[in-house]
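Note sheet for the following structure.
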Amino acid sequence: MTPEERKLESLLGVQLKHDCAEAEGLGYQPKKFRTMMAVDGPKEACVQVIMSAKIPDGFLTLLELKRLDLTAEATVLRGPWKALFESEVLEEARKRLRQYQRPDLAI
């Protein structure tokens with residue numbers, strides 16, 4: 001991993017922790033995702049949930065809370081860390097957000 005990629009992954013981690021804290025303020029505890037980030041790193045945690053054949057429980061919970069902006073799918077698409085991800089991952093994130101009526105987040 002290049003120094004630039006490490007910097008981007010660090011920034012992604014900061015954003016994801018912020019998103020998790022905001023979700024906790026809404027009553028959702030993303031414990032599994034936080035564990036995935038701690039074990040595998042922020043980038044790999046995002047890849048795992050986005051590429052999962054099953055819609056993750058956390059995504060569905062955030063859907064119920066009307067806060068899909070806090071999902072890994074939305075987060076990977078909206079920052080400079082987008083460059084860390086393969087096009088297939090980004091397209092899957094867009095596809096899932098469109099599927100759940102949030103094309104505005106699928107940029």
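Quick grid of which residues meet (1) of a type in the set (Lys, Arg); (2) under 12 Å from the mean Cα position of the chain (by Cα); (3) surrounded by 12 or more Cβ atoms within 10 Å (Cβ to Cβ); (4) within 15 Å of LEU70 (Cα to Cα):
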residue: LYS7; (1), (2), (3), (4): yes, no, yes, no
residue: LEU11; (1), (2), (3), (4): no, no, yes, no
residue: PRO30; (1), (2), (3), (4): no, yes, yes, yes
residue: ALA45; (1), (2), (3), (4): no, yes, yes, yes
residue: GLN48; (1), (2), (3), (4): no, yes, yes, no
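Comparison of ARG98, ARG94 shows that the only residue that is at negative phi, surrounded by 15 or more Cβ atoms within 10 Å (Cβ to Cβ) and not small (Gly, Ala, Ser) is ARG94.
Here is a yes/no grid of residues against (1) assigned to a helix (DSSP H, G or I); (2) in contact with a Ser or Thr (Cβ under 6 Å, 6 or more places away or on another chain); (3) surrounded by fewer than 15 Cβ atoms within 10 Å (Cβ to Cβ); (4) among the aliphatic types (A, V, I, L, M):
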site	(1), (2), (3), (4)
GLU4	yes, no, yes, no
VAL39	yes, no, yes, yes
GLY58	yes, no, no, no
LEU63	yes, no, no, yes
ALA74	yes, no, no, yes
TRP81	yes, no, no, no
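Any idea how many residues of segment 16-28 are within 16 Å of PHE59 (Cβ to Cβ) and either within 13 Å of the chain's Cα centre (by Cα) or of a type in the set (A, V, I, L, M) (or both)? Qualifying residue count for the region: 5. Residues in segment 6-26 that are closer than 15 Å to VAL47 by Cα and charged (D, E, K, R): GLU9 alone. Annotation: HIS18 fulfils all but one of (1) exposed (fewer than 13 other Cβ atoms within 10 Å of the Cβ); (2) modelled with pLDDT under 95; the unmet one is (2).
When ALA21 is tested against the conditions (1) in a helix (DSSP H, G or I); (2) in contact (Cβ under 8 Å) with a residue 12 or more places away in the chain, the lone failure is (2).
The values are calculated or read from the model by the stated rules, or taken from the named source; none is laboratory data. Keep in mind that this is a model prediction, so the values were computed, not measured. Every residue, glycine as well, gets a Cβ built from its backbone with ideal geometry; the counts of neighbours run over all protein chains shown.
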